Structure formats: structure tokens, C-alpha cells
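> Okay, here's the structure, questions in a sec.
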Amino acid sequence: MQKRRFIACLLILCAAAFVAAVWGSVNCGAKLSQPDLAAEDAMRLRRLIYFHFAIAQLSIAGGMVLIYVRHRRWRRHYLLVSYNEKGIHLDPPGIRMPSARVYRSSLAGLAHAKLPPANGVPTLVYPMFMLSGHSSGPKLEQTLQAAYRTQGLPEPEFIYQPVLGASPWLARAAGKLIQEQLEVHPDSGVLVVAHGSNLPEPPPEPALFCRRLRSQFPNTEIALGYFNQEPAALAVLQNMHSKHVLLLPFLLTEGLHTMRDLPTPQQAADCGKTLSRLPVVANVLQKHA
């Protein structure tokens with residue numbers, strides 16, 4: 001992003017130099033048309049016109065080089081890999097992607113998917129996963145390499161991006177939804193429920209997401225619970241101080257987990273609380289597309 005802004009600033013500078021050079025040439029030309037102009041002044045003005053013309057040419061050449069550099073930076077393919085078929089149509093937030101260079105597949109469908117070619121252009125691999133781990137790491141790399149071998153294609157240069165769940169955009173988008181709910185229920189707490197993991201340490205994305213939410217809402221109770229891992233979401237819900245709780249699934253799409261593993265309004269009522277469920281990340285991505 002910083003490089004993109006730097007190049008944009010240089011392009012603006014080239015445009016400003018071109019405009020100044022054209023204006024200088026026109027101004028010198030107007031003075032040169034004066035009938036009583038001295039010979040030495042006429043020579044000086046002609047030299048200035050040549051100088052401004054050279055500056056204009058250099059600014060055009062510089063702008064073309066910068067546009068080429070910026071365009072070359074865009075010369076890459078994008079491979080979006082989702083965990084299952086439901087996430088194939090989703091796009092990661094904040095990424096400019098020409099549709100002709102975007103390839104999509106689920107993890108299980110890579111062997112038969114259309115894959116980016118190896119034509120000297122790097123391929124950015126976006127794991128459309130909420131959590132980092134074996135599936136979004138070693139398994140994804142091995143499956144992708146096996147897919148190229150199966151299809152008999154040479155492998156391009158792969159640049160692996162962080163999982164979707166690590167994006168700071170998610171916390172900002174969720175913050176807008178939370179703010180809308182807090183305007184109705186000012187004393188609400190937020191319970192983020194994430195998928196568990198069998199790794200020695202829990203994936204860092206849910207905790208990072210909660211830290212970002214706490215920075216946006218320092219006076220709001222924000223808790224993190226899991227299913228298939230401790231602390232269990234239901235136990236966390238029971239221990240929350242807020243009487244009204246906003247349930248925020250740290251999940252990409254609606255599926256079995258949203259129907260089976262999230263705390264229910266009845267379970268919240270059993271511990272003296274009310275519950276409102278916020279949408280999964282796929283709905284937020286589509287809303288802000």
C-alpha cells in the first residue's frame with residue numbers, strides 16, 4: 001500500500017511538472033511575440049521554451065515509466081482457496097483484483113480446478129480461511145503442488161497471503177455492526193465464538209480479532225469462546241456480566257456449526273441473559289462488496 005501511494009504521488013508530481021512546463025512555454029511564447037523585444041531577451045526566452053519543452057518531455061516519459069512500473073506490480077495472478085464450495089465466490093476485502101487474473105477453488109477441488117499459469121507472473125494465494133493451521137498451511141501447499149503435478153502444469157511462483165481471519169478489515173466491518181446494536185442496547189456485551197483447533201496452541205486470529213474490537217469499544221465487554229476447544233462458548237456466556245449479549249460467529253459461512261455449535265437464545269435465557277446473533281463473515285463481505 002505504501003509503494004502504491006508513493007508511485008501515485010510521483011505520478012501527480014510528473015503531471016504537475018508537465019502542466020508547469022506547458023504554462024512556462026506558453027508564457028515565454030507570449031513574451032517572445034512582443035515587437036520591441038531585445039535580441040538577448042529573445043534568445044533567453046527561446047532557451048526557456050526549449051527548457052520547458054524538455055521538462056514536459058521528461059515528465060511524460062517519467063509518467064509512462066511509473067505507469068509501467070505500477071502496472072507491472074499488478075501483473076500477478078490471484079488464487080482464492082476456500083475451505084469448501086460455499087466460500088468460492090467471496091473476495092478478500094481491500095484487494096484490487098482484475099477478474100481475468102482471479103482463479104478460485106475450494107481446497108478439495110484444487111486437483112480439478114483451473115489453475116494460474118506459470119508465465120513468469122507470481123501467483124498470490126489467498127487462503128479464505130478464518131483460522132491459520134494445518135489446512136491453511138502445509139495441507140494447502142501440498143494440495144496445490146499435487147494439483148499442478150496431477151494436471152501436468154509447471155508451478156508458478158507462489159506468494160502465500162495471511163488467512164482471511166487475520167484481516168484488520170474484519171474488525172472494522174464488525175465494529176459497524178456492533179455499533180448499530182449498541183445504539184439499541186447500550187449495555188450489550190459481545191461474545192465472539194470461533195472454531196476450535198487440535199493444535200498445541202489456539203490459532204491467533206480470534207484473539208487478535210477481539211483485541212481489535214476492544215480497541216474500538218473499550219467500555220464494552222468483549223469475550224472469546226470456542227466450540228471444540230476451551231474455553232467453551234457456553235461457559236464463557238454464562239460468566240459474562242452483560243445481560244444482553246451480541247453473538248458474533250467468527251465463521252466464514254453459514255453451515256453446520258452455526259446450527260449446532262453456537263449458544264442459543266434458550267441457553268442464554270437459562271443463565272438470565274438475552275441473545276442477538278450477528279451475521280457470519282460471508283454476509284459482511286457481500287454487504288461491503
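The values are calculated or read from the model by the stated rules, or taken from the named source; none is laboratory data. Keep in mind that what you see is a predicted model, and the values were worked out from it rather than measured. Neighbour counts run over all protein chains shown; Cβ positions are idealised from the backbone, glycine included. All accessible areas refer to the heavy atoms of the entire protein, side chains included, with ligands and DNA or RNA removed. Shrake-Rupley method; radii C 1.70, N 1.55, O 1.52, S 1.80 Å.
> Taking only Cα atoms of the stretch 124-242, what ratio of Rg to Rh do you get with Rh as the Kirkwood inverse-distance radius? Working shown, then result.
On the way: Rg = 18.0 Å, Rh = 16.4 Å.
Answer for the stretch 124-242: 1.10.
> Dimensions of the stretch 85-184 along principal axes (Cα, Å, largest first)?
On the principal axes, the stretch 85-184 reaches 57, 29, 21 Å in Cα extent.
> Multiplying the sequence separation of residue 95 and residue 216 by 0.36 nm and subtracting their Cα-Cα distance, what value in nm do you get?
Numbers: separation 121, 0.36 × 121 = 43.56 nm, distance 2.32 nm.
Fully extending the segment from residue 95 to residue 216 adds 41.2 nm.
> Sticking with the crude label model, points 7 Å out along Cα→Cβ, report the distance from residue 208 to residue 254 in nm, one decimal please.
So the two model labels end up 2.9 nm from each other.
> In deg cm²/dmol, rounded to 500, what helix-only [θ] at 222 nm does the chain give when every DSSP H run of at least 4 residues adds -39500 (n - 2.57) and the total is split over its residues?
-15500 deg cm²/dmol
> Now for a separate question. For a label point 7 Å from the Cα of residue 86 along Cα→C-beta, name the residues of the stretch 119-135 whose backbone N is under 15 Å from it.
Correct set: 128-131.
> Just to confirm, what accessible area per residue do you get for the stretch 148-254 at 1.4 Å probe, in whole Å²?
With the other protein chains kept in place, the stretch 148-254 gives 50 Å² per residue.
> Follow-up question, since we're still on this one. Taking each full run of DSSP H in the chain as one helix, which ones are at least 18 Å long along their axis (Cα atoms) and have mean Kyte-Doolittle hydropathy of at least -0.5?
Membrane-span-like by this rule: 2-32, 39-74, 168-184.
> How big is the Rg/Rh ratio for the chain, C-alpha atoms only, Rh by Kirkwood, two decimals?
That ratio equals 1.22.
> Can you give the accessible area per residue of the stretch 18-147, in Å², using a 1.4 Å probe? Spell out each step's value before the answer.
Working: 7480 Å² over 130 residues.
Result: 58 Å² of accessible area for each residue.
> At R0 = 25 Å, how high is the FRET efficiency between residue 54 and residue 10 if r is their beta carbon distance? Nearest 0.05 is fine.
Calculated value: 0.85.
> Give me the percent of the accessible area of the stretch 220-289 that comes from carbon and sulfur atoms, probe 1.4 Å, all protein chains in place.
55
> Using amide H atoms built in the peptide plane, which far-off residues or other-chain residues are under 5 Å from residue 80 H to H?
103, 104, 105, 126
> Sorted from largest to smallest, which semi-axis lengths in Å does the alpha carbon gyration tensor of the stretch 6-163 give for its equivalent ellipsoid, taking the root of 5 times each eigenvalue?
Working through the eigenvalues yields semi-axes of 57, 14, 10 Å.
> Right, next: Work out the charge dipole of the stretch 1-130 with +1 on the Cβ of Lys and Arg and -1 on the Cβ of Asp and Glu about the Cα centre, then indicate which of 119, 8, 25 is farthest towards its positive end.
Farthest towards the positive pole: 119.
> Hand me the trypsin sites (Lys or Arg not before Pro) from the stretch 106-170 located in a DSSP loop with no more than 11 other Cβ atoms within 10 Å, in residue order please.
114
> Between residue 38 and residue 118, 0.36 nm times their residue separation minus their Cα-Cα distance comes to what? Could you put the intermediate results ahead of the total?
Numbers: separation 80, 0.36 × 80 = 28.80 nm, distance 6.56 nm.
Taking 0.36 nm per residue and subtracting the Cα distance, the gain is 22.2 nm.
> Percent of Cα-Cα pairs per 10 Å bin, from 0 to the last occupied bin, for the stretch 80-137, please list those.
Per 10 Å bin, starting at zero, the Cα-Cα P(r) for the stretch 80-137 comes out as 21, 56, 23, 0 percent.
> Same structure, new question: Quick one: pull the percent of accessible area on the stretch 1-134 belonging to carbon and sulfur, 1.4 Å probe, ligands and nucleic acids left out.
C and S fraction of accessible area: 65 percent.
> Mind ranking 259, 43 by accessible surface for me, highest first, 1.4 Å probe?
The ranking, largest first, comes out as 259, 43.
> From zero outward in steps of 5 Å, how is the percent of C-alpha pairs of the stretch 26-65 spread across the bins?
6, 24, 24, 17, 11, 9, 6, 3, 1
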